[in-house]
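Q: Handing you this structure, nothing more for now.
Taken together, the values in this text are just the output of simple stated rules run on the coordinates, not laboratory data. All of these numbers come straight from a predicted model, not from anything done at the bench. Every residue, glycine as well, gets a Cβ built from its backbone with ideal geometry; the counts of neighbours run over all protein chains shown.
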Amino acid sequence: MLAKKVAIFQPEDLLEVMPLEQPAAGGIAIGGAQIGARLFVALLFGALVGIERQWHHKNAGVRTHALVSIGACTFGLISLLGFGATNNPMLIAGGVVTGIGFIGGGVIMHQGGVIQGINTAATLWATASMGLAVGAGYYFLTTLVFIAVLVIQFPLTWLEESIERKGMRPGAPSG
């Protein structure tokens with residue numbers, strides 16, 4: 001009986017096929033540590049935004065927002081590294097925006113006169129923008145967007161609820 005030799009895949013084998021420092025034509029050189037750092041920041045910020053949605057018992061929570069952010073970051077990195085002579089980063093960014101629009105449309109529900117999920121869809125959209133920004137290496141921009149999302153989701157929610165309460169008082173003029 002002949003025994004077959006089974007090759008076991010090792011992560012180092014990938015580096016021999018496509019070294020991280022060798023981008024495609026038209027792309028830029030970026031090291032593995034920088035790729036890992038960008039993916040980690042996207043994961044962290046996406047998960048932190050998702051905590052707010054999870055806290056409010058929304059369908060798209062920590063995992064969904066983390067996945068959207070890290071996925072958008074990955075597409076941003078692919079765009080940055082390049083596909084070769086036809087590399088156009090704007091096409092990839094546009095594809096991410098379109099895909100997130102599709103996902104966002106899936107979380108918006110219309111029941112009678114009530115529409116739910118618009119805020120979650122917008123949060124997913126903002127999370128994807130953070131992922132693309134960090135994938136392209138714009139850490140400062142990503143941090144500003146992250147802070148803006150948290151300000152919008154927490155203090156502005158309290159303001160919105162206060163306005164709603166005042167508008168629903170007995171004897172309050174109706175619009």
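Q: Using the Karplus curve 6.51 cos²θ - 1.76 cosθ + 1.60 with θ = phi - 60°, what ³J(HN,Hα) values do you get for each residue of the range 106-120, in whole Hz, with x for Gly and Pro?
A: x, 8, 8, 10, 10, 10, x, x, 10, 10, 10, x, 5, 5, 5
Q: Continuing with this model, one more query. What percent do you get for the relative contact order of the range 30-155 when only Cα pairs under 8 Å and 6+ apart count?
A: Values: 173 pairs, mean separation 38.1, N = 126.
Reported as a whole number, the value is 30 percent.
Q: Using packing as a proxy for protection, rank 68-80, 52-64 so that the peptide with the highest average count of other Cβ atoms within 10 Å comes first. The partial results should precede the final answer.
A: Working: 68-80: 23.7, 52-64: 16.2.
So the peptides 68-80, 52-64, ranked by packing, come out 68-80, 52-64.
Q: I'd like to compare 143-151, 105-113: which one has the highest average count of other Cβ atoms within 10 Å, and what's the full order after that? Walk me through the numbers before you get to the answer.
A: Working: 143-151: 15.4, 105-113: 10.3.
For the peptides 143-151, 105-113, the packing ranking is 143-151, 105-113.
Q: Now, a different point. Tell me, what HN-Hα J-couplings in whole Hz come from the Karplus equation 6.51 cos²θ - 1.76 cosθ + 1.60 at θ = phi - 60° for each residue of the range 92-100, using x for Gly and Pro?
A: Going residue by residue, I get 5, 4, x, x, 5, 4, 5, x, 5 Hz, with x marking Gly and Pro.
Q: Further question: Could you please state, rounded to a whole Å, how far the C-alpha centre of the range 29-57 is from the C-alpha centre of the range 78-149?
A: 13 Å
Q: Principal axes first, then extents: for the Cα atoms of the range 30-155, list largest minus smallest coordinate on each axis, whole Å, largest first.
A: The Cα atoms of the range 30-155 stretch 51, 27, 20 Å along their principal axes.
Q: Also, I was wondering about something else. Tell me which residues come under 5 Å, amide H to amide H, from GLY117 once H is placed; ignore anything under 5 positions away on its chain.
A: MET109
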